[in-house]
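Taken together, the values in this text are just the output of simple stated rules run on the coordinates, not laboratory data. Remember, it's a predicted structure, so these values are computed and weren't measured experimentally. Note: ideal-geometry Cβ built from the backbone for every residue, glycine included; neighbour counts use all protein chains shown.
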Amino acid sequence: MNDRHMTGIEMCVFDAYGTLFDFNSAVARHRTAVGPKADALADLWRQKQIQYTWLRNGMAAYAPFWQVTGEALDHCLAVHDIRDPDVREKLMGAYLALDPFPEVPAMLERLQRAGRRLAILSNGNPAMLDPMVAASGLAACFEAVLSVEPAGVYKPDARVYRLVEARCSVTPDKVCFLSSNCWDAHGAAHFGFRTIWVNRAGVPDDRLPGTLAGQLRDLSQLPALLGIA
Ligand code: LAC
């Protein structure tokens with residue numbers, strides 16, 4: 001990582017699910033109710049959820065992320081032959097109060113104290129994003145919690161990334177975009193944000209358009225990367 005890449009950053013824009021908030025915490029909280037297939041279900045749920053957004057983009061058939069998340073879960077419950085409707089209700093409910101990753105609250109506070117503007121840009125629709133951010137106690141850190149909803153399309157469509165300039169009046173070259181989803185990081189970099197991939201799983205880079213400015217293993221090193229002591 002070259003620090004020169006990260007001077008002149010006015011605003012940090014974070015992806016939500018997987019980057020600030022741990023989507024696996026939904027299944028983890030209800031592990032006993034889900035049963036022995038909990039980990040397999042959690043993995044497939046996330047894969048299908050994201051796959052469905054890309055497919056809906058391809059079909060020009062946007063529906064809110066809450067609906068897509070539920071449809072992905074229904075598929076996964078069928079795959080694993082889990083029929084108890086209570087399990088579905090518990091898992092969807094948990095999605096409204098996902099845990100932030102452990103390093104996130106202190107990191108946001110440091111950036112905020114150093115005068116960086118902070119925002120979220122997420123596939124989530126406001127009815128699911130807003131309760132989650134409120135439940136985490138982190139809402140006051142963010143100047144904006146932006147959803148793809150007004151664009152009516154999902155990441156990595158450029159119309160989504162454009163919402164940041166439209167809503168926050170900041171040009172892409174002054175934005176540091178952070179995502180743990182490698183495909184989202186490439187999409188954001190291709191669009192023109194200076195983008196850091198938060199490679200929480202320590203996996204190889206995807207071969208996609210968009211040059212990443214760098215990668216971090218988690219967000220604890222972000223203040224240092226931005227030159228904040
Ligand atoms: C989001 C998904 C991509 O929050 O994690 O947009």
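Cross-link partners for Lys48 among the lysines, with Cα-Cα distance under 30 Å and sequence neighbours closer than 8 places in the same chain left out: Lys37, Lys90, Lys155. Proximity of backbone amide H atoms, modeled 1.01 Å from N, is registered between Arg194 and Val175, Phe177 at under 5 Å, excluding neighbours fewer than 5 places apart on the same chain. In sequence order, region 190-203 has phi-based couplings of 4, 5, x, 6, 7, 10, 10, 8, 8, 8, 4, 8, x, 9 Hz under the Karplus curve 6.51 cos²θ - 1.76 cosθ + 1.60, θ = phi - 60°, and Gly or Pro positions carry x. In whole percents, the pair-distance distribution calculated for region 25-97 from its alpha-carbon pairs, binned every 5 Å from zero, is 3, 17, 29, 25, 14, 8, 3, 0.
Counting only Cβ charges, +1 for Lys and Arg and -1 for Asp and Glu, the dipole size of the chain around its Cα centre is about 300 debye. In whole Å, how far is the Cα centre of region 93-139 from that of region 52-86? Each part reduced to its Cα centre gives a spacing of 24 Å. The sum of -39500 (n - 2.57) across all DSSP H runs of n ≥ 4, divided by the residue count of the chain, sets its helix-only mean residue ellipticity at 222 nm to -13500 deg cm²/dmol.
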